[in-house]
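To keep things clear, I will list the structure first and then write my remarks on it.
The values are calculated or read from the model by the stated rules, or taken from the named source; none is laboratory data. Since we're looking at a predicted model, the values are computed, not measured. We place every Cβ from the backbone using ideal geometry, glycine too, and count neighbours over all the protein chains shown.
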Amino acid sequence: MCGIFGYLGHQDAAPLVLAGLERLAYRGYDSAGVAVIDRAGHLEVRKSAGKLANLTSLLEREPLSGNAGLGHTRWATHGAPTDANAHPHLDGTGEVVVVHNGIVENYIELKGRLAAEGHTFTSATDTEVIPHLIQELLAQGHTLAEAVRLAAAELRGAHAIACMHAGSPGTLVALRIGNAGGVSVGFGSGEMFVASDLPALLPLTTSVAPLAPGEMAVVTPEGCEMLTLDGRRVDTARQTIAMNPVAAARGGHRHFMLKEIMEQPESAMSCLRGRLGFTPPSAVLGELPFTSEELRSLSRVVFLGMGTTQYATRVGARTTELLARLPASAEDASEYRYREPVVDERTLAVAVSQSGETADTLEAMHLAAGGGARTLAITNVAGSQADRGADATLLMHAGPEIGVASTKTFVNSMLVMYLLAAHLGHARGALTDAAAAAHVEEAARLPALLGEALELNRGVYERLAAAYVKARRFLFLGRGLLDPIAREGALKLKEISYIHAEGMAAAEMKHGPIALIDGETPVVALVLRDALYEKMLGNISEVKARGGVVIAIATAGDDSIEAQVDDVLWVPPCPPLLAPMLAAVPVQLFAYHTAVHLGNDVDQPRNLAKSVTVE
Ligand code: M6R
């Protein structure tokens, strides 16, 4: 989490850094700050708790001038989101300035040692030890690059760090240790940029060099030198990235989240483009380097992910098991990485991550690779760490997702996994040509069906949001492929409306949660016309028998359901394997309208960040 942006060149640094931080705000937004050094070597910092607008106002009142700047937007780990804890952080002399993403795991020990040597600290952060360590090394006669490198060697944990020194106003040092989010250098003409991720650089330059773990960049306005953290020069490849930053604009919608929900038919279409072969119908996943022999020799597929994406992998694992007849599991990456799982050369580990930067997912993927597994990344961000670190990548092609709550990438990740399952099933002989073709034809229907799903229930969401907004908690129930959608519905509601919600397999309710049922705990029941329909009706009856209130998410045309529940949201009739992707629409829109009704900040909900790059 946390966003880092740096600039060296001929322009005024502060406005550029501020604009860069705006593009990174999805990584964290509880406080922000900027440091600028002028040509005379005068270093000044402005920082402010709260959203970036507070820093913008501060800079209007107290502007900074200079051509070297470093900024940070924070998601707090150590120390509350206050002005004092906001980055950048300075050493005791006020000459070394650092911004940081990661956790200094041994900061208590380092802080104790430095304090005993006479250093005084002004924040409750772990980060503040870093400028103090660097200053000590500068005082011993090391260059800035050397001092940063040697200081980094004292830190435990995974980090992205950028540092400047008033004594060298034309130099910025950035480094990366492990997987605490990326650092990329952007090349301009007589100016250089540093940022946590590629999209933040794209309005300024498409010529970039992402740092690998264990690398550092010594940047000047004319270029940069890349080194390993043990001091060897490396030739980090410069890449040209194509991406349209205009696509990230809200496009007339009140919130990015709504825009991203509404563009799901189009993003699903982008995901399918080039991947559907029609003569004969087949899933064309040309990005996969694995031979048919390798696919046939697989003994299991392990899907790795977190949060919303992990719920998508639950759908993916079930679909894989069904179509490829391969044991498949959906793993919480943060647990997987610490549990010594069974992995071998016949395992395919699929790391699914919108951002491609989620620390736990990346580590779980590396762990699986270490055990011999072939790795595949499914991500929305080309050039992300997941993309670069896996044996192969399937891109989601959803376009930039700015709203912190994942929506269109949730659907696209399920869609990619559906294609993957059909591809595996066909390659392994578990699906006949005809069966594989039928799945491809069904997948091709998704964009149109998503369009229908968005058309249904117009005006109903607003009415339901007003009717149920006072509820203290919600339960979401689903079965089969809709169990993960129940969980996702609860997560969406929690993260943007701040109303407690639990999602679970419907049968699980009887084993405890049924005690929560009362007239003030609405139950959202996913009861589509599928193989488990009758079972879901049974669960709905159990809720109604206890005085519960039920909002059904049901198949359009199922008129009988209306008499059994209190309210209904419709989903168009669809093939069973598309049901989770379509049922995602009403749970997203229900959460969205509830949060809007409450006046919440839908795109930047409290306490969250778009990419969780710390564990
Ligand atoms: O970028 P990733 O897909 O790896 O992110 C994983 C989760 O942090 C993410 O899905 C999160 O739960 C959602 N933003 C919630 O809407």
inquiry  = I'd like the residue in the range 369-426 that is within 12 Å of the ligand (Cβ to nearest atom), more than 16 Å from ALA312 (Cα to Cα) and β-branched (Val, Ile, Thr) and, out of all such residues, is modelled with the lowest pLDDT.
reply    = ILE402
message = Take ALA68 and tell me if it is modelled with pLDDT of 90 or more, small (Gly, Ala, Ser) and touching a Lys or Arg at 6+ places or on another chain (Cβ under 6 Å).
response = no
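Only one residue in GLU109, GLU105, GLU117 is of a type in the set (Asp, Glu), touching a Gly at 6+ places or on another chain (Cβ under 7 Å), closer than 23 Å to ALA84 by Cα and surrounded by fewer than 17 Cβ atoms within 10 Å (Cβ to Cβ). Which one?
Sole residue among the options that is of a type in the set (Asp, Glu), touching a Gly at 6+ places or on another chain (Cβ under 7 Å), closer than 23 Å to ALA84 by Cα and surrounded by fewer than 17 Cβ atoms within 10 Å (Cβ to Cβ): GLU105.
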key: Residue among SER297, SER270, SER329, SER355 that is more than 16 Å from the ligand (Cβ to nearest atom) and under 21 Å from GLY403 (Cβ atoms)   = SER270
request  = From (1) within 20 Å of LEU298 (Cβ to Cβ); (2) more than 15 Å from the ligand (Cβ to nearest atom), pick out the condition that doesn't hold for ARG339.
outcome  = (1)
message = Suppose we keep only residues that are more than 23 Å from the chain's Cα centre (by Cα) and exposed (fewer than 15 other Cβ atoms within 10 Å of the Cβ) within the range 285-317. Which one would you say is nearest to ALA490 (Cα to Cα)?
response = SER299
inquiry  = Tell me the residue from LEU133, LEU110, LEU175 that is touching a Lys or Arg at 6+ places or on another chain (Cβ under 8 Å) and assigned by TED's automatic domain parsing to the domain that holds ALA40, please.
reply    = LEU175
query = Restricting attention to the range 372-387, and to residues there that are touching a strand residue (DSSP E or B) at 6+ places or on another chain (Cβ under 7 Å) and part of a helix (DSSP H, G or I), which single residue is surrounded by the most Cβ atoms within 10 Å (Cβ to Cβ)?
reply = ALA386
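Identify, from the list GLY41, GLY92, GLY79, the residue that is touching a residue at least 12 places away in the same chain (Cβ under 8 Å) and under 24 Å from VAL183 (Cα atoms).
GLY79
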query = Does ALA312 count as in a strand (DSSP E or B), among the small types (Gly, Ala, Ser) and within 16 Å of the ligand (Cβ to nearest atom)?
reply = no
message = When you check GLY50 against the structure, is it modelled with pLDDT under 95 and out of contact with any Phe, Trp or Tyr (no Cβ under 7 Å at 6 or more places or on another chain), yes or no?
response = yes
ask   = Based on what the data block shows, is GLU452 more than 13 Å from the ligand (Cβ to nearest atom), out of contact with any Phe, Trp or Tyr (no Cβ under 9 Å at 6 or more places or on another chain) and over 25 Å from PRO281 (Cα atoms)?
value = no
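Quick check on this structure: which one of VAL571, VAL587 is within 16 Å of the ligand (Cβ to nearest atom) and aliphatic (A, V, I, L, M)?
VAL587
Quick check on this structure: which one of VAL219, VAL301 is touching a Pro at 6+ places or on another chain (Cβ under 9 Å) and in contact (Cβ under 8 Å) with a residue 60 or more places away in the chain?
VAL301 is the lone residue from the list that is touching a Pro at 6+ places or on another chain (Cβ under 9 Å) and in contact (Cβ under 8 Å) with a residue 60 or more places away in the chain.
One line per residue, one yes/no per condition, for (1) within 16 Å of the ligand (Cβ to nearest atom); (2) in a helix (DSSP H, G or I); (3) free of Cβ contacts under 8 Å to residues at least 24 places away in the same chain:
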{"position": "ALA552", "(1), (2), (3)": "no, no, no"}
{"position": "GLU562", "(1), (2), (3)": "no, yes, yes"}
{"position": "ALA609", "(1), (2), (3)": "yes, no, no"}
{"position": "VAL614", "(1), (2), (3)": "yes, no, no"}
task = Could you grab me the full set of residues in the range 29-84 that are more than 26 Å from PRO221 (Cβ to Cβ), of a type in the set (A, V, I, L, M, F, W, C) and not in a strand (DSSP E or B)?
result = ALA53, LEU58, TRP75, ALA76, ALA80, ALA84
query = So which residues in the range 213-236 are small (Gly, Ala, Ser) and touching a Gly at 6+ places or on another chain (Cβ under 9 Å)?
reply = GLY214
inquiry  = Against the condition β-branched (Val, Ile, Thr), in a helix (DSSP H, G or I) and either surrounded by fewer than 17 Cβ atoms within 10 Å (Cβ to Cβ) or outside the structural domain of LEU24 (by TED's automatic domain parsing) (or both), how does VAL404 come out, does it pass?
reply    = no
note = Condition set more than 23 Å from GLU294 (Cα to Cα) and of a type outside the set (A, V, I, L, M), scope the range 414-454, selection farthest from the chain's Cα centre (by Cα): answer is GLU441
ask   = Any residue at all in the range 132-150 that is among the basic types (Lys, Arg) and surrounded by fewer than 20 Cβ atoms within 10 Å (Cβ to Cβ)?
value = no
